[in-house]
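For reference, the structure is listed below as structure tokens.
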Amino acid sequence: MKAAKKSRKTAEKHTDASRARRVLQRLGRFVLTFALWFVGLSLGLVVLLKFVPPPGTWLMVGQWFALEGESPRWDYRFRKGEDLGTHLGLAVIAAEDQRFGLHHGFDLEAIGKAMEHNEKGGKIRGASTISQQTAKNVFLWPSRSWVRKGLEVWFTVLIELIWGKERILEVYQNIAEFGPGIYGAEAAAQHFFGKSAAQLSRSEAALLAAVLPSPRRYSAARPSAYVQRRQRWILRQMNNLHSVEAVLHPDPEVQPAKSKRKRSSEKD
């Protein structure tokens, strides 16, 4: 009798262990299948958008609903790089990411300085590169979470490898928000200056870049004293950087000129 009970208990243990193995195997297959699908879909999407203009971003959709009671506007006009002129590209690099041509998506030097600054308290400083901002805005939703940050890293690596710097800068200029419901260089140039993006002067390009840290707080139409100071600073940095070509194909021994002004922070 005791032997039979012991035998049943042993069989039950084996059954339970077998069930646990099957559950783990199914879970493992699910995770592997999900990972393969995610990698495949994200790769396919990045490759597609290397050649096709993004139809919009989650930020645009979110702002549309946020402004629903205020006559929402969605002015988004994608233009190829050659139709954007040269001034705005240089201006946004000067304002947002002067080491754009030197890093591979992540400015480790800026990240280290930002962490050091943030540990001291006070206003939080960001260190997002143009590549990170582009990846975040094109492929992801606006929020603050470790999941979104991890996905931002993944898509940043992909666009650096697949798109290259020229395409990243082209897309960034086209999807950046320059005012409520005003997205991209062409829409901003037409709205604020009544001309195409290719016709923007250096001063106008610097003014648009000056509002990028917070385009719903600062205005290119009615620039505050702060925006005007930032515009002048950007113009000086543009002179130091010379041209977009010089930034994208830099001499590795020549570092961007250091400035006493802090780099603008980007909201996550």
Subset of region 36-59, residues of a type in the set (A, V, I, L, M) and at pLDDT 85 or above, comes to LEU36, VAL39, LEU41, LEU43, LEU45, VAL46, VAL47, LEU48, LEU49, VAL52
Counted residues in region 215-241 being touching a residue at least 40 places away in the same chain (Cβ under 8 Å) and in a loop (DSSP other than H, G, I, E, B) come to 3
Being at pLDDT 90 or above and more than 21 Å from the chain's Cα centre (by Cα) narrows GLU68, GLU82, GLU96, GLU116 down to just GLU82
Listed by first then second residue, the pairs whose first member lies in region 36-62 and is of a type in the set (D, E, K, R), whose partner is part of a helix (DSSP H, G or I) and surrounded by 10 or more Cβ atoms within 10 Å (Cβ to Cβ), with beta carbons under 8 Å and at least 6 positions apart or on separate chains, are LYS50/ILE162; LYS50/ARG167
Quick count over region 202-222, residues being modelled with pLDDT of 95 or more and surrounded by fewer than 13 Cβ atoms within 10 Å (Cβ to Cβ), is 0
When region 164-177 is checked residue by residue, the ones that are in contact (Cβ under 8 Å) with a residue 40 or more places away in the chain and within 15 Å of HIS103 (Cβ to Cβ) are LYS165, LEU169, TYR172
Within region 190-199, of all residues that are assigned to a helix (DSSP H, G or I) and in contact (Cβ under 8 Å) with a residue 24 or more places away in the chain, the one surrounded by the most Cβ atoms within 10 Å (Cβ to Cβ) is ALA197
Given (1) touching a residue at least 40 places away in the same chain (Cβ under 8 Å); (2) part of a helix (DSSP H, G or I); (3) among the hydrophobic types (A, V, I, L, M, F, W, C), ALA135 misses just (1)
Of (1) out of contact with any helix residue (DSSP H, G or I) (no Cβ under 9 Å at 6 or more places or on another chain); (2) at pLDDT below 80, SER145 fails just (2)
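The values are calculated or read from the model by the stated rules, or taken from the named source; none is laboratory data. Keep in mind that this is a model prediction, so the values were computed, not measured. All Cβ positions, even for glycine, are placed from backbone atoms using ideal geometry, and neighbour counts span all protein chains on display.
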